[in-house]
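Peer 1: The structure follows.
The values are calculated or read from the model by the stated rules, or taken from the named source; none is laboratory data. What you are looking at is a predicted structure, and each value in this text was computed from that prediction instead of being measured. As a convention, Cβ positions derive from the backbone with ideal geometry for all residues, glycine included, and neighbour counts pool all protein chains shown. Surface areas here come from the heavy atoms of the whole protein model, side chains and all, with no ligands, DNA or RNA. Shrake-Rupley method; radii C 1.70, N 1.55, O 1.52, S 1.80 Å.
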Amino acid sequence: MKRATRINALLLLAVAALAVLPLALGLGDHKEEPFAGADAEAETAITEIRPDYEPWFSPLYEPPSGEIESALFALQAAIGAGVLAYYFGLRRGRRQGEERAAAAREGGGGTEGAEGGGGAAVSRG
């Protein structure tokens, strides 16, 4: 097994463990809402400490249900993941292009056999 494959498998196992362990160990069973968000936890803590506290602002948009709120949160996460994936893909592509250009300059213009290319490259001008 390649080193990169082993690392990817371990990372996947770690992510799966982070998702499954809280459920398997029963973390949060003693709470009314076992996996409430940080906002709800903060609101509960504030009202316990200071019951007469009034928030000094209100949300710009309040979704009509929790399902819509969760869907919007998932959409936001997906857009963020897409932006990150685009950025890392762009960086990798630029680096590979620079490596191919450097190999072409050193090798007299041919790109066949360039390291890191993953195969023969065809130049389209």
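Peer 1: How high is the FRET efficiency from Leu27 to Glu67, r the C-beta distance, R0 25 Å, rounded to 0.05?
Peer 2: 0.60
Peer 1: Please label the shape of region 36-112 as rounded, prolate or oblate, based on the square roots a ≥ b ≥ c of the eigenvalues of the alpha-carbon gyration tensor (a/c under 1.5 means rounded; beyond that, a/b larger than b/c means prolate, else oblate). Mind dumping the intermediate values first?
Peer 2: Values: a/c = 5.63, a/b = 3.68, b/c = 1.53.
Prolate, since a/c reaches 1.5 and a/b exceeds b/c.
Peer 1: Could you sort Ser58, Ser65 by their accessible area in this structure, using a 1.4 Å probe and putting the largest first? Spell out each step's value before the answer.
Peer 2: Numbers: Ser58 85, Ser65 40 Å².
Largest accessible area first, the residues go Ser58, Ser65.
Peer 1: Right, another one. How much FRET efficiency would the formula 1/(1 + (r/R0)^6) give for Arg3 and Arg92, where r is the Cβ-Cβ distance and R0 is 22 Å, rounded to 0.05?
Peer 2: Working: r = 19 Å, r/R0 = 0.85.
Given R0 = 22 Å and the Cβ-Cβ separation, E is 0.75.
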